[in-house]
Amino acid sequence: MSSAPPALVAPEVSDRYEAVIGLEVHVQLATRSKIFCGCPTSFGAPPNTNVCPVCLGLPGALPVLSRQSVEMAIQGALALNCRINPVSRFARKNYFYPDLPKGYQISQYDQPVAEHGCVDIVVNGISRRIGITRVHMEDDAGKSIHDGFKDSARYSYVDLNRCGMPLIEIVTEPDLRSSDEAYAFLTELKQVLQYVAVSTCDMEKGHLRCDANVSVRPRGAEKLGTKAEVKNLNSFRYLKMALDHEIARQIALIESGGKVVQETRLYNPDTGETVSMRSKEHAHDYRYFPEPDLVPLRIGEAWLGEIRARMPELPKVKRARFTGEFGLRDYDAEVLTATRPLAEYYERAVRASGDPKAAANWVMGDLLGALNAEGKEIADSPVNAEQLGELVALIARGEISGKIAKEVFPKMFVSGESAAAIIEREGLKQISDTGALEKIVAEVVAGNPKQVEQFKGGKQTVLGYLVGQVMKASRGQANPQMVNELLRKKLE
């Protein structure tokens, strides 16, 4: 085992080394039942209630593979550009722990469901492709809860509700070179998996957990250094902090003449350090052998074709389409595709309004601002996409001004009413009648002789003041373009 973590190293020392990082990401699939039995996957149930003989590992209980789990695993793998293997096999991964009642985990070893994928990331303006080695299916273990010391004794409890939860483990190639790249990879991975609806990726509920294999080597060297595994990183922030510390720890250890040993470490967020947990296991330590109670999983072309046909447009493709088809800026396209529900809302608003850029501005500005202030998600918006599109279309047709629209939208958000209903009830329709506007313009010109003289004297900026006076007199309902034209005609 290694000694306590050394102090951080100076930047000039750190620059002489290169980090090599690979991630193992565990994702809980959003199925209705567990992977090998019919127990529910609902979160927050009382301890040890969502269990049955199969997930409790009782003698004679046999697993039955869930079709929904397989299809979601395939969808996730396709979203990560993986090759789906026509034949895969489950294996027993043997280890003993209080929250693993079977004494083994049903996983996949040498024949996973999918292999050879990739995820593209961008960090500091530089694009990189991160390889996916494999995606395999497995069931989860239970949860141990350590309650500290009471009456001079330490108590631990076991909740087996999580036993048998369906997981996919996504293993990357050692292609990541910094904590920033690891953060960007996980961000992209989470977004893609949420788009295809195979997982909520809710880290607070343990639906996405990450282990990181970290080593360092002199910059330019080909040979990999000895790696340490940092386990159970359950937030993106902790992942970044843990990697930064572990990289610095290994560099400092090497610089001081020490040697990095292969081990499993845990990150302590209270101290900001990684601490040794145990020596690193090897594959042979788990005594893998084929699961005798499950036949090989065969995925035919017909079944795979059905699953491919259900795949939605992925974020990267959608971003490119939004910039190409709708003429949006890269930043706007990124914001509007942050989640699949938001992107779909925006597209429906575009169809209703016919104006992609105006719709984008209203969604990103007024709508998201109001939702954030209320702590609501896009799915809970009181203003649906068609209503927002109608509001944008009313502005485009000149039936209301942008100023009036800014007054109407908050009322829509509170009441859920359409813009047309609010405008009709409150008499907010834009005035585009030439006769009515000429009358208001004449009154404003007559009431502001000083500004009129200034305009005639060549001070063109005064026109803006006079337009403002007409808009004020019309309670913001005058058509601004017509007001400009009528004022110039009147003054000239």
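The values are calculated or read from the model by the stated rules, or taken from the named source; none is laboratory data. None of the values given here were measured: they were computed from a predicted structure. Here the Cβ is made from the backbone with ideal geometry for all residues, glycine too, and neighbour counts use every protein chain on show.
When Ala333 is tested against (1) surrounded by 13 or more Cβ atoms within 10 Å (Cβ to Cβ); (2) at pLDDT below 95; (3) of a type in the set (A, V, I, L, M, F, W, C); (4) touching a Phe, Trp or Tyr at 6+ places or on another chain (Cβ under 9 Å), just one condition goes unmet, and that condition is (2).
Quick test for you: out of Ile247, Ile307, Ile254, pick the one residue that is outside any strand (DSSP E or B), within 25 Å of Ala79 (Cβ to Cβ), out of contact with any Lys or Arg (no Cβ under 9 Å at 6 or more places or on another chain) and among the hydrophobic types (A, V, I, L, M, F, W, C). Let's see the steps before the verdict.
Values: Ile247 fails: within 25 Å of Ala79 (Cβ to Cβ); Ile254 fails: within 25 Å of Ala79 (Cβ to Cβ).
The match here is Ile307.
Taking the criterion of being of a type in the set (A, V, I, L, M, F, W, C) and surrounded by 15 or more Cβ atoms within 10 Å (Cβ to Cβ), the residues of the stretch 305-329 that qualify are Ile307, Leu314, Phe322, Phe326, Leu328. For the stretch 433-492, the candidate set comprises residues that are part of a helix (DSSP H, G or I) and in contact (Cβ under 8 Å) with a residue 60 or more places away in the chain; within that set, the residue that is surrounded by the most Cβ atoms within 10 Å (Cβ to Cβ) is Met471.
When you go through Glu325, Glu306, Glu390 one by one, which is the residue that is among the acidic types (Asp, Glu) and closer than 23 Å to Asn81 by Cα? Walk me through how you get there before you give the answer.
On the way: Glu325 fails: closer than 23 Å to Asn81 by Cα; Glu390 fails: closer than 23 Å to Asn81 by Cα.
Just one listed residue meets the conditions, Glu306.
So for the stretch 100-121 (the condition being of a type in the set (Gly, Ala, Ser) and over 30 Å from Val51 (Cα atoms)), does at least one residue qualify? Yes, the conditions are met somewhere in the stretch 100-121.
Can you tell which of Glu386, Glu344, Glu377, Glu325 is over 26 Å from Arg128 (Cα atoms) and over 17 Å from the mean Cα position of the chain (by Cα)? If you could, list the steps in order and put the result at the bottom.
On the way: Glu344 fails: over 17 Å from the mean Cα position of the chain (by Cα); Glu377 fails: over 17 Å from the mean Cα position of the chain (by Cα); Glu325 fails: over 26 Å from Arg128 (Cα atoms).
Residue meeting the stated conditions: Glu386.
Taking residues in the stretch 332-345 that are farther than 14 Å from Glu313 by Cβ and in the same structural domain as Gly365 (by TED's automatic domain parsing), and partners anywhere that are modelled with pLDDT of 95 or more and surrounded by 22 or more Cβ atoms within 10 Å (Cβ to Cβ), the pairs with Cβ atoms closer than 6 Å and at least 6 places apart or on different chains are Asp332/Ala360; Tyr345/Ala385. Answer yes if at least one residue in the stretch 190-202 is more than 15 Å from Leu29 (Cα to Cα) and either part of a strand (DSSP E or B) or assigned by TED's automatic domain parsing to the domain that holds Glu138 (or both), and no otherwise. Checked against the condition, which is being more than 15 Å from Leu29 (Cα to Cα) and either part of a strand (DSSP E or B) or assigned by TED's automatic domain parsing to the domain that holds Glu138 (or both), the stretch 190-202 yields no hits at all.
Before we move on, is Gln75 free of Cβ contacts under 8 Å to residues at least 40 places away in the same chain and closer than 30 Å to Pro174 by Cβ? No; evaluated as a whole, the condition is false for this residue.
Whenever a residue of the stretch 100-113 is closer than 17 Å to Ile170 by Cβ, its partners that are among the acidic types (Asp, Glu), lying with C-beta atoms within less than 7 angstrom and at least six residues away or across chains, give the pairs Gln105/Glu138; Gln105/Asp139; Ser107/Glu138; Gln108/Glu138. Among all residues of the stretch 77-87, there is at least one that is under 30 Å from Ala45 (Cα atoms) and either assigned by TED's automatic domain parsing to the domain that holds Cys163 or modelled with pLDDT under 95 (or both).
Looking at Val441, Val408, which is the one that is at pLDDT 90 or above, touching a helix residue (DSSP H, G or I) at 6+ places or on another chain (Cβ under 8 Å) and of a type in the set (A, V, I, L, M)? Quick ask: steps written out before the conclusion?
Details: Val441 fails: at pLDDT 90 or above.
None of the others qualify; the one that does is Val408.
As a summary of the residue check, Val13 satisfies the conditions (1) at pLDDT below 90; (2) aliphatic (A, V, I, L, M); (3) more than 26 Å from Ser235 (Cα to Cα); (4) out of contact with any helix residue (DSSP H, G or I) (no Cβ under 7 Å at 6 or more places or on another chain) except for the one numbered (4).
What's the total number of residues in the stretch 99-147 that are of a type in the set (Lys, Arg) and crowded, with 18+ Cβ neighbours inside 10 Å? Walk me through it before giving the result.
From the stretch 99-147, those of a type in the set (Lys, Arg) are 102, 128-129, 134, 143; that's our starting set.
With crowded, with 18+ Cβ neighbours inside 10 Å added as a condition, the list becomes 102, 134.
Total meeting the criteria: 2.
Just so you know, in the stretch 366-405 the residues that are in contact with an Asp or Glu (Cβ under 9 Å, 6 or more places away or on another chain) and exposed (fewer than 15 other Cβ atoms within 10 Å of the Cβ) include one that is modelled with the lowest pLDDT, and it is Ala396. Would you check if there is a residue in the stretch 275-287 being part of a loop (DSSP other than H, G, I, E, B) and farther than 27 Å from Lys93 by Cβ? Checked against the condition, which is being part of a loop (DSSP other than H, G, I, E, B) and farther than 27 Å from Lys93 by Cβ, the stretch 275-287 yields no hits at all. Checked against (1) modelled with pLDDT under 95; (2) within 26 Å of Gly258 (Cα to Cα); (3) charged (D, E, K, R), Asp175 passes all but condition (1). Residues in the stretch 39-56 that are surrounded by fewer than 16 Cβ atoms within 10 Å (Cβ to Cβ) and closer than 20 Å to Tyr104 by Cα: 3 in all.
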